[in-house]
Amino acid sequence: MLYRRDYLMRMIEQFTVSMGQVMFQRKNRRFAEAMELLTQAMKQLLGLNSKMVRALSVKDVIALLSTSGYFDVGKGLLLSDMLVAEGDVLNEAGEEDEGTGCLLKALELLLNIRRMEEAEHLITDVDERIDAVLPKVQSIRMNPFMMEVLTEYYDAAGQLSKAEDMLFFMLDDDPGNTTAVEQGITMLERWLNLSPEDMAKGNLSVEEIRESYGLLLKMKQSTN
């Protein structure tokens, strides 16, 4: 475990050197040069082609970073850092669609990593990155998978109101999602056993939780 963390830190240190050069180019609005530096860093540190990574699904990217069924979490985290950096550069260059795509891919990759057994020893590193990228895409409507995993993430982080919002966004898009309804009921039943202080930290009151719980029960009844 210690070896894996040291290995990750060495790669991040190498990437940090490249990021210093990228920041210099961004400051001088040399966006093409900044992107080229990031492309070179991705190829050097991960052996991956930047354009190919952006074109592939996250599932395929995970397969590329896996050997004999084992996912290299260190490389996955480093790739997420590179995708965020690319997204920031592209957004600054006025290529918002491409930039947003990079940021969403980084977030989806991190959310997938968070569910992996291999990432248990690096969960703090994963969560720090998720927290950093979320504000950059907060106005973007997520796909069903992202909403499902973000509900889990916010719940685990004690951000109850955000977990509730994400759950109901998911149900707005797919009212017949009985699995989401059942999971939501279980989640809110657990919240009802929280202390008033923990509810307040999550920006919800017991009355609000009970109201949402009642809505979920009605949804369940309507689908039976």
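The values are calculated or read from the model by the stated rules, or taken from the named source; none is laboratory data. The shown structure was predicted, so the numbers you read here are calculated from the model rather than taken from an experiment. Heads up, the Cβs are rebuilt from the backbone with ideal geometry, glycines too, and the neighbour counts pull from every protein chain shown. Note: accessible area is taken over every heavy atom of the protein model, side chains too, but ligands, DNA and RNA are not part of it. Shrake-Rupley method; radii C 1.70, N 1.55, O 1.52, S 1.80 Å.
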Residue in the range 8-20 that is over 21 Å from LEU110 (Cβ atoms) and open to solvent by less than 80 Å² (accessible area, probe 1.4 Å) present: yes
Matching residues in the range 189-216 - criterion: being of a type in the set (A, V, I, L, M), open to solvent by less than 60 Å² (accessible area, probe 1.4 Å) and more than 22 Å from ASP131 (Cβ to Cβ): LEU192, VAL206, ILE209, LEU216
Criterion violated by GLY176 - all others in (1) under 24 Å from the mean Cα position of the chain (by Cα); (2) farther than 21 Å from GLU108 by Cα satisfied: (1)
Members of the range 187-196 found to be in a helix (DSSP H, G or I) and modelled with pLDDT of 95 or more, listed by number: MET187, LEU188, GLU189, ARG190, TRP191
Lone qualifier among THR124, THR178, THR186 - being open to solvent by 60 Å² or more (accessible area, probe 1.4 Å), closer than 30 Å to ARG54 by Cα and polar (S, T, N, Q): THR124
Condition check for ALA132: part of a helix (DSSP H, G or I), in contact (Cβ under 8 Å) with a residue 24 or more places away in the chain, closer than 30 Å to GLU208 by Cα and out of contact with any helix residue (DSSP H, G or I) (no Cβ under 7 Å at 6 or more places or on another chain): yes
Some residue of the range 62-73 being in contact (Cβ under 8 Å) with a residue 40 or more places away in the chain, part of a helix (DSSP H, G or I) and within 11 Å of the chain's Cα centre (by Cα): no
Filtered residues of the range 74-124 (kept if of a type in the set (D, E, K, R), modelled with pLDDT under 90 and part of a helix (DSSP H, G or I)): LYS75, GLU117, GLU118, GLU120
Qualifying residue in the range 42-52 (condition: open to solvent by 40 Å² or more (accessible area, probe 1.4 Å) and not in a helix (DSSP H, G or I)): yes
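Every residue, every condition in (1) touching a residue at least 12 places away in the same chain (Cβ under 8 Å); (2) within 23 Å of LEU122 (Cα to Cα); (3) crowded, with 19+ Cβ neighbours inside 10 Å, yes or no:
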site	(1), (2), (3)
LYS27	no, no, no
GLU33	no, no, no
ASP60	no, yes, no
LYS75	yes, yes, yes
LEU79	yes, yes, yes
VAL84	yes, yes, yes
GLU95	no, no, no
THR100	yes, no, no
LEU109	yes, yes, yes
Of the criteria (1) in a helix (DSSP H, G or I); (2) crowded, with 19+ Cβ neighbours inside 10 Å, which one MET142 fails: (1)
